[in-house]
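Engineer: Let me begin by handing over the structure; questions about it come next.
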Amino acid sequence: MQVQTGAVRRPFLFAALLVLLAGAQAAGPHQALYLSQSAERDQKVLDGARAERRAVVYTSLNTKDFYPIAQAFEKKYGVKLELWRSSSEKVLQRALTEARAGRFTVDAFELNGPELEALYREGLLDEYWSPHFKTLPPAAFPRHRHYVADRFNFFTIAYNTNLVKPSEVPNSYEDLADPRWTGRLGFEASDTDWFASIVKYMGEEKGLALFRRIAGQRPQVRTGHTLIGGLVASGEVPLAAAIYNHAAEHLVVSGAPIRWKALTPTFGRPNGVALAKRAQRPHAALLFADFMLSPDGQKLIRAANRVPASSAVETNLNKFPFEMIDPAIVLDESQKWEKLWSELFLKGQALKKGPD
C-alpha cells in the first residue's frame, strides 16, 4: 500500500463546483463492466484487476483506519492499493482539478456523501453493481445510484452518566430546551447539516423556534466531534446534543462515564464508495468497491470503530430507525443554514470546521 496525503490550497466554494458539464451524465466507457451481473462477472473482475495490478483510491478515511483494509485487500487479491488521503473537500478539489485538466488518475473514491454528490453532478462517477448490494439498506443508495454508502456517521445525543440521571436523559429534541440544560449543553460548531435536517423535519417555523429556545440556554459550542465526546466523558459538558455515536461508543468501551442515545428522527451522513467514470484500472476499481461492501470489508470498518452499512455485519450502532441527510442541504443550501446557525450559536461569526 502506498499512501499520499495532500496539502492543497483552500477548497473551492461549492457554488463554483456545481456547474454541470454538458453531457456530464452520459454513460462512461466502462459501463458494461460496472453493471455486469453475469455468472462470469466476479472471475472477470478479479482476473482484470490482477492484470491491472493496482487501484488508485482517493479517500478521506484516516490512514490508521484504512491501513488494515488495504493490507487485507492486497493479501486477498494480490492487487495494490495506492491511496491519496485528505479531507473530503480537498479530495473533491483534487479530482475536479485533474479532470478539468484532462488527467484521470483516480480509479475509485471512499468519501463523504456531499462530496460524492458533487462528483456525481460533475459527471465524474459511473453507476455500478455489486453482489453485496443485497445486504445494504435502502438508505445506502442515492436515487441516481452513482455511489453507495459503505459506512454511516449517525448523530445522537451523549451524556455523562455521573452528571445526568437516567430520568433526565432527553427522549426528544424538544427535551433539549428544558431549562435544566441551561449552561450544561454542548454543540459541535459546524453541524449545520444536522441542524437543517432537524428543522426541515419539524417544519421550519417550529424547528427554528425550538433552536432559538435552546440557544437561549447558553450552550457550549466547541470544534470537533471527538473533542465534544471527550468533554462529555470528562464532565465538562454534561450533555452533547449531537455526537457521532461510534465516537461515543469508543469511549463507552474504554470505560468512560458516557452513554449515547438515538432520538427520533436520527440523521446520518453517508460515507460511500464510488467508481471513476474514466478509471484507468476499472477492474481493480470494481474489485475495491466489492471488497469494501463485502462482509470482510464491513467487518474491518466495524473494527475501525465505524458504523458499517451492511446488515450482514452485527453492530449495536445502527439498531434504530434513521434518515440520511440530504446532500442538497450541503451543496445548495449551505449559505442559508450556516447563516442561521451562526446567528443562533456563534454570535454571527464565520463557521469554522475542525477535525472529527
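Engineer: List the residue ranges in the chain for DSSP H helices whose C-alpha atoms run 27 angstrom or more along the long axis and whose Kyte-Doolittle average is 1.0 or above.
Structural biologist: What comes out of the filter, once short or polar helices are dropped, is none.
Engineer: Taking K76 as the anchor, which aspartates and glutamates have their alpha carbon closer than 20 Å to its alpha carbon, excluding any fewer than eight residues away along the same chain?
Structural biologist: Of all the aspartates and glutamates, those that pass the test against K76 - Cα under 20 Å, at least 8 places apart if same chain - are E40, D42, D47, E52, D65, D107, E110, D150, D290, D296.
Engineer: With the crude spin-label approximation of a point 7 Å out along Cα→Cβ, what separation in nm comes out for D175 versus T226?
Structural biologist: It works out to 3.0 nm between the two label points.
Engineer: Sticking with this one: Using a Gaussian network model of the chain with C-alpha springs under 10 Å, which one of V199, V253, V169 is most mobile by mean-square fluctuation?
Structural biologist: Maximum among the listed residues: V253.
Engineer: From the Cα gyration tensor of segment 173-245, with a ≥ b ≥ c the square roots of its eigenvalues, which class applies: rounded if a/c is under 1.5, or else prolate if a/b is larger than b/c, or else oblate?
Structural biologist: The shape class here is oblate.
Engineer: Shifting gears a bit: If you take Cα extents along the principal axes in Å from the coordinates, which of [x] 71, 59, 38; [y] 64, 43, 34; [z] 49, 48, 40 do you get?
Structural biologist: Looking at Cα extents along the principal axes in Å for this model, the match is [y].
Engineer: Putting +1 on Lys and Arg Cβ atoms and -1 on Asp and Glu Cβ atoms, find which of P257, I329, P68 reaches farthest to the positive end of the dipole of the chain.
Structural biologist: P68
Engineer: For labels at R213 and L163 in the simple 7 Å Cα→Cβ model, what's the distance in nm?
Structural biologist: About 2.3 nm, to one decimal.
Engineer: Right, something else. Per the helix-only calculation at 222 nm, which mean residue ellipticity applies to the chain, given -39500 (n - 2.57) for every DSSP H run of n ≥ 4 and division by its residues, nearest 500 deg cm²/dmol?
Structural biologist: Taking each H run of at least 4 residues, the total per residue is -11500 deg cm²/dmol.
Engineer: In nm, to one decimal, how far is the modelled label at E236 from the one at F104, with both set 7 Å along Cα→Cβ?
Structural biologist: 4.9
Engineer: Among rounded, prolate and oblate, which fits segment 155-287 when a ≥ b ≥ c are the square roots of the eigenvalues of its C-alpha gyration tensor, a/c under 1.5 means rounded, and a/b larger than b/c means prolate? Walk me through the intermediate numbers first.
Structural biologist: Details: a/c = 2.61, a/b = 1.57, b/c = 1.67.
It is oblate, given that a/c is not under 1.5 and a/b is not larger than b/c.
Engineer: Kindly identify segment 55-144 as rounded, prolate or oblate by the Cα gyration tensor criterion: order the square roots of the eigenvalues as a ≥ b ≥ c, call it rounded if a/c is under 1.5, otherwise compare a/b with b/c, prolate if a/b is larger, else oblate.
Structural biologist: Note, shape of segment 55-144 comes out oblate.
Engineer: Anything over 23 Å Cα to Cα? Flag those among K64/K90; K206/K336; K165/K261; K80/K277; K44/K90, in the order listed.
Structural biologist: Numbers: K64/K90 19 Å; K206/K336 17 Å; K165/K261 14 Å; K80/K277 20 Å; K44/K90 33 Å.
Beyond 23 Å between Cα atoms: K44/K90.
Engineer: Something else about it: Quick one: dipole size for the chain, taken about the Cα centre, charges +1 on Lys/Arg Cβ and -1 on Asp/Glu Cβ, in debye to the nearest 20. Intermediate values should be presented prior to the final figure.
Structural biologist: On the way: 45 positive and 38 negative charges, 124 e Å.
That gives a dipole near 600 debye.
Engineer: Still on this structure: For segment 139-223, with only Lys/Arg (+1) and Asp/Glu (-1) charged at the beta-carbon, what is the dipole magnitude about the Cα centre, in debye rounded to 20?
Structural biologist: The calculation lands at about 60 debye.
Engineer: What is the gain in length, in nm to one decimal, between Q31 and Q349 on full extension, counting 0.36 nm per residue of separation less the C-alpha to C-alpha distance? Please report the intermediate quantities before stating the final value.
Structural biologist: Details: separation 318, 0.36 × 318 = 114.48 nm, distance 4.62 nm.
Gain on extension, Q31 to Q349, equals 109.9 nm.
Engineer: I would also like to ask the following. So what are the three principal axis dimensions of segment 263-349 from its Cα atoms, in whole Å, longest to shortest?
Structural biologist: For segment 263-349, the Cα spread along each principal axis is 49, 37, 20 Å.
Engineer: So what is the orientation-averaged projected area of segment 258-298, using the convex hull of its C-alpha atoms, in nm²?
Structural biologist: Working: hull surface 20.2 nm².
Directional mean of the projected Cα hull area for segment 258-298 stands at 5.0 nm².
Engineer: Gaussian network model of the chain, Cα springs within a sub-10 Å range: biggest mean-square fluctuation belongs to which of P282, P166, P257?
Structural biologist: Among P282, P166, P257, the largest mean-square fluctuation in the Gaussian network model of the chain belongs to P166.
Engineer: Taking the highest mean first, how do the peptides 320-327, 237-244 order by number of other beta carbon atoms within 10 angstrom per residue? Don't jump to the answer; show the numbers that get you there.
Structural biologist: Values: 320-327: 16.9, 237-244: 25.4.
Result, highest mean Cβ count within 10 Å first: 237-244, 320-327.
Throughout, read-outs are computed from the coordinates displayed, never taken from laboratory work. Since the structure is predicted, the reported quantities are computational estimates derived from the model, not experimental observations. Note that we place each Cβ from the backbone using ideal geometry, even for glycine, and neighbour counts take in every protein chain shown.
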